[in-house]
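Quick notes on the structure that follows.
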Amino acid sequence: MRRPRTTLVALSTLFTLALTTLAGPANADPTAPNQVTDLTVRQGDGYATLAWQPVDGATDYQIERTPVDANGAPTGTPTVVGIWRPNRQISQEAPTFADAGFNPGDRFSWRVRARTGTTEQPYSEPVTGTTTAPWGDPTIPGQQLRTQWETTRAAQYTSDTEEYAYTAAIDALSDRVRVVEIGRTVLNRPINMFVIGYPTPPATPAAVAATSPIAVNCNVHGNEPGDREACLIMARQLAFATDARTIDLLSHTTVLIVPTINGDGRAANTRGNSTGQDLNRDYSLIRQPETAAYVNMLRQYRPIAGYDGHEYGNSRAGDLPMLPPRHQNVPQPIFDESMDMIEGHMYSEGAKDGWWACPYGCEGGGSVGLSEETILRNTLGLKNVVNSLLELRSSGGQTRPDEGNTANNRRRKTFSALWTFQHFLDYHRANLPAITKARTEAIKWQAANTGRLVFRGSRPIPAHPAPHPGDSPPPIDAPPANLILDNAPCAYRLTEEQYHGARTDGPGGNGATVAERIAAHGWQVVKVGDSYYVPLNQPERGLIPLLLDGLGVEKLVDGERIYPTLTGRRTGPLTVTGFTCAADATITGPVTVRTGAALVATGTTVTGPINATGAAGVLLANGTVTGPVRLTGTTDAISLIDVKVTGPVDLAGNHTATEPLLVGNTVTGPISCTGNTPAPSNLTIGNTGTGPRAGQCATL
């Protein structure tokens, strides 16, 4: 069940700059029946919010805009630019409309009239005002920067060379910004990322991860550039704004913005990259260098919340269709929190400001928003990231009839995206404890390796209760019985050829090996003898089988399922040789893991010490150990997640392929970590208990 929650949000002084409410002449005694009264216009960043008193029996409302001069005299033709319909928002008693598409800084007069069926009622009295100019004082260095899209008044999108120059200028002029190159496209274009924090961004990816960062991916489909332009503008705002909200936001997190992951597709104005690959069908498989760059970034920087920007061709849809990660392997807390962000925040705030936020599909949506784990919103959810897809309706549609004008259409899309991303920042700031709690619960649940595995199938997205901002939520997409595995294995075994063998599924027939892709995802692997084992008691348990199981719809290999070899009760010493998997076991006696061996234990109670010297790996989750845990010289993987240890924990001289994980454990006794390469990590989920902490684990 989703958790309803009231969200307190500080409205952005960036995207509601100069929120002057402009009221028309008093309408206490209108002369015409059914005339709209109490019209107000509030200026935002690239849009104007119109609000009025509803008229009894009105079917819809028409919004008219007229260009005027400084004296209010018309300089152009009055035009109906918007249609308000009852399914636009959740608060019918307070209709609003976000008028957008105009050139920011221009001056207009607005009127609104009701319609009853096709009968037009009298217009309201007009309200006149000047719209908010593009953000940034043109006399202040940094703030004066403008994108190519802005300088051409949306006649041109920002080119790659203009983007690089703009990005470099922000980097050079703002101490809050560090621009890093996270990878290269197939055609060798740089994939840059803004790292933004206050007063300066943290110096390393690990330091960024400690700030509970948020990530915005702006342009995965090259022919959907509206979000990209919003991201470039937002980067400038975050880099140079001096208002209290921005300083507060950046003092409490780090914002990661990837404006153009698909630079080749953007340059060619194609959906896919230069090989024709739809990158939003590749985030799990990571066959392309662009998706590999993003997944590597996720592993290093560990954002806890994200948005992924797109455009949507359904002209009957809302302004801002959104969707959470739906795949049924996504942990429930991540799904719930993502839904809270969309329905509990974006719907209500959209209603206040006049944007039509709705479930992806909205009206006449068709078969969209399904469960492919290759889609970023699903991949992120499986990686314990609260997130949403954002779609910008590509055409004006029935509710924005003036968008046959290309520039008007482009401006509405970009400024609606800017509104969404700024509200995403506010949501994160106001709800950080709930987001981190959901992430903690999700990681512990995944590591516990409980419940069935679904290889394709979505969680249902019911229509929002009427009045709701959408008539048709995405299809049910229930998992078929043949793609459900009720008895989850302990691990997958891969052969040398499966693990390191050459692949032909990348650009030019050259693909990264399975080993390289698993490393990009950050999964732990242990090599025992001539086999490679990928345990499921780790944080991304829901994604692992989708790539390594024979039931996988878009898999990498057919790995061998390995089931527990130790269950039930065992009394006496246990010596682990080879690969041993314990599940829901009770072991009374000391446990010794021999050189080159591996122990994977989930839901298991051990009364006695656990000692491993030169082991391939020790991975414990959701269990209890009464006695010391001492691991020395481990070669491949160490993981303790949600384990209660009564006794000391000592990690010394381990040289593993992935960072040792000490995540969310309760330890009654000292924790000491020395000489481990890499250093242990808690994935920003602290360990609790009593006793001193020393060495590399002093801050875990």
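Looking only at the range 257-272, decide whether some residue is within 30 Å of R88 (Cα to Cα), open to solvent by less than 20 Å² (accessible area, probe 1.4 Å) and outside any helix (DSSP H, G or I). The answer is yes, given that some residue of the range 257-272 is within 30 Å of R88 (Cα to Cα), open to solvent by less than 20 Å² (accessible area, probe 1.4 Å) and outside any helix (DSSP H, G or I).
Of the residues that sit in the range 557-578 and are open to solvent by 20 Å² or more (accessible area, probe 1.4 Å) and aliphatic (A, V, I, L, M), which one is farthest from S371 (Cα to Cα)? Checked the range 557-578; the qualifying residue farthest from S371 (Cα to Cα) is L566. Of the strands (runs of 3 or more DSSP E) lying entirely inside the range 1-107, those containing at least 2 residues that are touching a Pro at 6+ places or on another chain (Cβ under 9 Å) and at pLDDT 80 or above are 47-51, 60-67, 79-84.
Filtered by the rule that a residue be of a type in the set (D, E, K, R) and open to solvent by 30 Å² or more (accessible area, probe 1.4 Å), the range 403-432 gives R410, R429.
Kindly check whether there is at least one residue in the range 303-312 that is surrounded by fewer than 22 Cβ atoms within 10 Å (Cβ to Cβ) and either at pLDDT 95 or above or among the small types (G, A, S) (or both).
Initially, the range 303-312 is screened for residues surrounded by fewer than 22 Cβ atoms within 10 Å (Cβ to Cβ), giving 311.
Filter once more, so that each one left must be either at pLDDT 95 or above or among the small types (G, A, S) (or both): 311.
Within the range 303-312, one or more residues are surrounded by fewer than 22 Cβ atoms within 10 Å (Cβ to Cβ) and either at pLDDT 95 or above or among the small types (G, A, S) (or both).
Being within 37 Å of the chain's Cα centre (by Cα) and crowded, with 16+ Cβ neighbours inside 10 Å is a description that does not apply to A94.
In the condition set (1) open to solvent by less than 10 Å² (accessible area, probe 1.4 Å); (2) within 30 Å of E659 (Cβ to Cβ); (3) touching a helix residue (DSSP H, G or I) at 6+ places or on another chain (Cβ under 6 Å); (4) not in a loop (DSSP other than H, G, I, E, B), N296 is compliant with all but (1).
Taking the condition open to solvent by less than 20 Å² (accessible area, probe 1.4 Å) and within 21 Å of L380 (Cα to Cα), does A491 pass? For A491, the condition - open to solvent by less than 20 Å² (accessible area, probe 1.4 Å) and within 21 Å of L380 (Cα to Cα) - is not met. For the range 522-551, which positions are in contact (Cβ under 8 Å) with a residue 60 or more places away in the chain, more than 20 Å from I638 (Cα to Cα) and open to solvent by 10 Å² or more (accessible area, probe 1.4 Å)? L551 - this is the single residue of the range 522-551 that is in contact (Cβ under 8 Å) with a residue 60 or more places away in the chain, more than 20 Å from I638 (Cα to Cα) and open to solvent by 10 Å² or more (accessible area, probe 1.4 Å).
Scanning the range 477-489 for residues that are under 19 Å from V526 (Cβ atoms) and either in contact with a Phe, Trp or Tyr (Cβ under 6 Å, 6 or more places away or on another chain) or hydroxyl-bearing (S, T, Y) (or both) yields one hit, P489. Residue count for the range 664-700 satisfying the condition of being assigned to a loop (DSSP other than H, G, I, E, B) and of a type in the set (S, T, N, Q): 7.
The set of residues from the range 470-488 being touching a strand residue (DSSP E or B) at 6+ places or on another chain (Cβ under 6 Å), closer than 30 Å to W355 by Cα and open to solvent by 30 Å² or more (accessible area, probe 1.4 Å) comprises P473, D477.
The combined condition, being within 30 Å of N682 (Cβ to Cβ), at pLDDT 95 or above, over 15 Å from the mean Cα position of the chain (by Cα) and assigned to a loop (DSSP other than H, G, I, E, B), is fulfilled by N449. If you go through the range 374-402 and keep only what is surrounded by fewer than 24 Cβ atoms within 10 Å (Cβ to Cβ) and among the acidic types (D, E), you end up with just D402. The set of residues in the range 624-641 being in contact with a strand residue (DSSP E or B) (Cβ under 6 Å, 6 or more places away or on another chain) and either in a loop (DSSP other than H, G, I, E, B) or within 20 Å of I587 (Cβ to Cβ) (or both) consists of T624, V625, T626, V629, R630, L631, G633, D636, I638, S639, L640, I641.
From the list S338, S274, S315, S284, the lone residue that is more than 25 Å from S367 (Cβ to Cβ) and among the hydroxyl-bearing types (S, T, Y) is S274.
Among the residues of this structure, I461 does not count as one that is open to solvent by 40 Å² or more (accessible area, probe 1.4 Å) and under 30 Å from T399 (Cα atoms). Taken over the range 137-152, the criterion of being in a helix (DSSP H, G or I) and either in contact with a strand residue (DSSP E or B) (Cβ under 9 Å, 6 or more places away or on another chain) or surrounded by 16 or more Cβ atoms within 10 Å (Cβ to Cβ) (or both) is satisfied by Q148, W149, E150. Here G589 clears all of (1) surrounded by fewer than 17 Cβ atoms within 10 Å (Cβ to Cβ); (2) under 25 Å from W445 (Cα atoms) except the condition numbered (2).
Scanning the range 108-136 for residues that are over 17 Å from D69 (Cβ atoms), of a type in the set (F, W, Y) and not in a loop (DSSP other than H, G, I, E, B) gives a single hit, Y123.
Identification of strands (runs of 3 or more DSSP E) wholly contained in the range 568-622 with 3 or more residues that are among the aliphatic types (A, V, I, L, M), under 16 Å from Q538 (Cα atoms) and in contact with a Leu (Cβ under 8 Å, 6 or more places away or on another chain) yields 598-602, 617-621. Checking each residue in the range 648-678 for being of a type in the set (G, A, S) and over 26 Å from I435 (Cα atoms) picks out A652, G653, A657, G669, S672, G675.
Note on the range 354-372: among residues that are in contact with a Lys or Arg (Cβ under 8 Å, 6 or more places away or on another chain) and of a type outside the set (G, A, S), the one that is farthest from A417 (Cα to Cα) is E372.
Filtered by the rule that a residue be touching a Pro at 6+ places or on another chain (Cβ under 9 Å), among the β-branched types (V, I, T) and assigned to a helix (DSSP H, G or I), the range 515-551 gives a lone residue, I544.
The values are calculated or read from the model by the stated rules, or taken from the named source; none is laboratory data. Note that the coordinates shown come from a computational prediction; the quantities given were computed from them, not determined experimentally. Note: ideal-geometry Cβ built from the backbone for every residue, glycine included; neighbour counts use all protein chains shown. Surface areas here come from the heavy atoms of the whole protein model, side chains and all, with no ligands, DNA or RNA. Shrake-Rupley method; radii C 1.70, N 1.55, O 1.52, S 1.80 Å.
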